[in-house]
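The values are calculated or read from the model by the stated rules, or taken from the named source; none is laboratory data. All values derive from a computational prediction rather than experimental measurement. So basically every Cβ, Gly included, is an ideal-geometry build from the backbone, and we count neighbours across all protein chains shown. All accessible areas refer to the heavy atoms of the entire protein, side chains included, with ligands and DNA or RNA removed. Shrake-Rupley method; radii C 1.70, N 1.55, O 1.52, S 1.80 Å.
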Amino acid sequence: ALGEKVGGITKMEVARRELEKTLTSLDPDVVFDVFLYRYPSEYPPKPEMTRALGKLEPCTTKNARRAVRWIEKQPGKGWGAFYDALKLVLAEEVDTIYFLSDGRPSRGRYDRDYRLIREIQPDNRFRKVAIHTVLVGSSGADRKFMERLAAATGGRFVDAVPQM
């Protein structure tokens, strides 16, 4: 869970730092938004996608700060319905996705990691959106899934290790 500690800070804090680092490294002519997909643990689940900016915007210093301030207010909770979230983001006019997570999918349409990868490839075969994965504080099967998802979409895998 994103509330767990890694290296003295929570996984959510590591994810927030990685987001800020990513946004500050992008050129201002890049357009972006930050999507947060929540699949709550309550019954019946009512998944929802929220966005920091509401639409794709240039990655100016002002917009990057807005997105970082927005994510700082978001609690780290909910299940990992990754396929559902990726499908919604793939419907946007994007060519690259930075996907931050602490592990494998646990809910949603495809909650088995191998099925998610098998199903996302046909969805992405014409657009060829690169999905760069950032793993926050896990290893083993979680790491293997994130490495395989990146490789299957032409993305890169990054292991987000907290800086002490």
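For the stretch 92-108, the candidate set comprises residues that are modelled with pLDDT of 90 or more and not in a loop (DSSP other than H, G, I, E, B); within that set, the residue that is most open to solvent (accessible area, probe 1.4 Å) is Tyr98. Condition first: open to solvent by 40 Å² or more (accessible area, probe 1.4 Å), over 26 Å from Asp142 (Cβ atoms) and either of a type in the set (Ser, Thr, Tyr) or in contact (Cβ under 8 Å) with a residue 40 or more places away in the chain (or both). Can you find one or more residues in the stretch 59-79 that meet it? Checked against the condition, which is being open to solvent by 40 Å² or more (accessible area, probe 1.4 Å), over 26 Å from Asp142 (Cβ atoms) and either of a type in the set (Ser, Thr, Tyr) or in contact (Cβ under 8 Å) with a residue 40 or more places away in the chain (or both), the stretch 59-79 yields at least one hit.
Being assigned to a loop (DSSP other than H, G, I, E, B) and either in contact (Cβ under 8 Å) with a residue 40 or more places away in the chain or surrounded by fewer than 19 Cβ atoms within 10 Å (Cβ to Cβ) (or both) is the requirement here; does Asp84 meet it? If you could, list the steps in order and put the result at the bottom.
Numbers: assigned to a loop (DSSP other than H, G, I, E, B): no; either in contact (Cβ under 8 Å) with a residue 40 or more places away in the chain or surrounded by fewer than 19 Cβ atoms within 10 Å (Cβ to Cβ) (or both): yes.
No: the conditions fail for Asp84.
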